[in-house]
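The structure appears below as structure tokens.
Throughout, read-outs are computed from the coordinates displayed, never taken from laboratory work. Since this is a predicted model, take the numbers as computed values, not measurements. Cβ coordinates were reconstructed from backbone atoms using ideal geometry, including for glycine residues, and neighbour counts include every protein chain displayed.
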Amino acid sequence: MAKIPTARLSRLLTGWSSEDAGPLPRRLANALRELAERADVAPGTTLPSQRELAGVLGVSRSTVTTAYSLLENEGWLESRRGSGSRLRGSGSPERLVNEGRLASFDARTSGADLSSGALEGLGAVGDAVGALTGADLAPLLRGDGYLPHGLPELREGIAAYYREAGVPTEPEQILVTSGSQQAVWLVAQALVDPGDTVVVENPTYRGALEALRSRGARIVPVGGDRPGAGRAGSDAAALRRLGAKVRPRLVYLQPAVHNPTGRSLDGAALREWASALGERELFTVEDTACAELGLAGDGAPVPLAARLPAASTITVGTLSKLFWGGLRVGWVRSSPHIVARLAKIKTSVDLSCSVVDQLVAVRLLAGLPRARAARRAVLRDQLAGAETLLRARAPHWEWDRPAGGPALWVRIPGVDTEALAQLARRGGVAVVPGSAFSAVDGFRDRLRLPYAHGVDLLERALPTLLDCAERSRDKITPSVVRPS
């Protein structure tokens, strides 16, 4: 059986050290046993060495040694000389657990929670809900309420949004989804088979990595985050080099307000990517979930899809990032044929999105320019405050000023952020290490640090983060990484 990467196991173990009572080794043993019981880690999986796991969890080696011994005595671990320690257990070895973005919502800390970049809702949402009347619902109540493709008025509103951005779009090209996460999941379900090669940026959105892993995709990262790269972003030339060797099933990109880096591709970079994708006629999935969180510019962001054939392009969008995460309204824009295919899968999951939420979304789209300006002004102020704080208190930390989004992509030289995150959680601060955004567990010196929750929260968390960073210094262990 395969050996689970140390970084991935550490993310599965989030919260273990603070949620149970008893000695630390016993708590670690319990957490590992629970992974086996639930088949979150497949039976027969080889665990990391004691030294590797101790380093990433920020505990002594004796803590891990004792935990492994407890598990072995209880029959949950089998150690063989020369082949390591293999976890035993029952349950399906094919079950997949969310290890990053989705798991973080289940493990909220009562202290300083910086594990999510989701923003507070805008007042416009409450206004739109309050403005709804029985007359708005009356025509819909005469039907069964199941609208697999979405409310016609909303599909037209989203199509108009793209036409305003200069991309001709008809309502038949729109599928309304329960947020952009469902949209990405539907795309993975419809277009990816086990073993298919999928190209992603490095780093990339961890929710997409989870959706692709759930389909058994072979995930291949191209390009890479480089200090000072700024808006140039990922390297489209790397896609050309890869394309000469293998033909990917699809390419997943975030050209505007990338998660987690916050960068946006400039015009030259967009042309380069469009050229590279067009030359190989590669199917492209463009995720614009955060595009409306840009810090500059007016009007709807122009999608990469404007430069690509509609028949081989999917654009994912949402209102949840700009307006409120509790408003689960997202969408897919593509050819009518692909929209119909995705809708068929969607009906097997939830039949239809909430009609009431869609009525609210119709009203919110009408006020999108005001919401965009209001959110931008707040994000600018919050970013300025966060940068001032970090320059004063953490002058050795490095980051590029983002083009948008709610977080900074911070490099902490010489620090293993996996270990930092484990130590910080024990100190009441929840953060997400850079490896959660990598298909190959890279960026072990990076931290996604939300600033949009306000300077007060960041200032309260910073002493713990600085202390844990110092304790985690020089603990990064080299490892061989392979595509998922």
Distribution output for the range 355-484: share of Cα-Cα pairs per 10 Å bin in percent, first bin at 0, values 12, 36, 27, 17, 8, 1
Over the chain, the sum of -39500 (n - 2.57) across DSSP H runs of at least four, divided by residue number and rounded to 500 deg cm²/dmol, gives at 222 nm -13000 deg cm²/dmol
Quick calc: nm separation of the 7 Å Cα→Cβ label points for residue 160 and residue 34 -> 4.9 nm
Computed on Cα atoms only, the convex hull of the range 134-367 has an orientation-averaged projected area in nm² of 12.5 nm²
1/(1 + (r/R0)^6) with r = Cβ-Cβ of residue 73 and residue 46, R0 = 25 Å, i.e. FRET efficiency to nearest 0.05, evaluates to 0.85
Mean shadow area (nm²) of the C-alpha convex hull around the range 167-291 is 7.8 nm²
Longest principal axis of the chain (C-alpha) makes with the long axis of helix 355-366 (C-alpha) an angle, in degrees to the nearest 10, of 70 degrees
For the range 6-87, the percent of all C-alpha pairs falling in each 5 Å bin, from 0 up to the bin holding the max distance, is 3, 16, 28, 32, 17, 3, 1
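Find how much the distance from residue 26 to residue 387 grows on full extension, using 0.36 nm per residue of separation minus their present alpha carbon separation; answer in nm with one decimal.
So the extension gain works out to 125.9 nm.
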Checked against the structure, the computed Cα extents along the principal axes in Å among (i) 66, 51, 48; (ii) 64, 60, 47; (iii) 70, 49, 44 is the one labelled (i)
Quick calc: nm separation of the 7 Å Cα→Cβ label points for residue 394 and residue 140 -> 4.3 nm
So, relative contact order of the chain in percent, Cα under 8 Å, 6 or more apart, is 20 percent
Once normalised by the length of the range 6-87, the mean sequence separation of its alpha carbon contacts under 8 Å that are 6 or more apart gives a contact order in percent of 33 percent
Both in Å, the radius of gyration and Dmax of the C-alpha trace of the range 228-365 are 16.3, 49
Here the gain from full extension of residue 456 to residue 65, 0.36 nm per residue of separation minus their alpha-carbon distance, amounts to 136.8 nm
Taking every other residue with Cβ under 10 Å from the Cβ of residue 299 and scoring Lys and Arg +1, Asp and Glu -1, one gets -1
With Cα coordinates, the longest principal axis of the chain makes an angle with the long axis of helix 368-393, in degrees rounded to 10, of 30 degrees
Between residue 193 and residue 80, the two model label points (7 Å from Cα along the beta-carbon direction) sit apart by a distance in nm of 3.4 nm
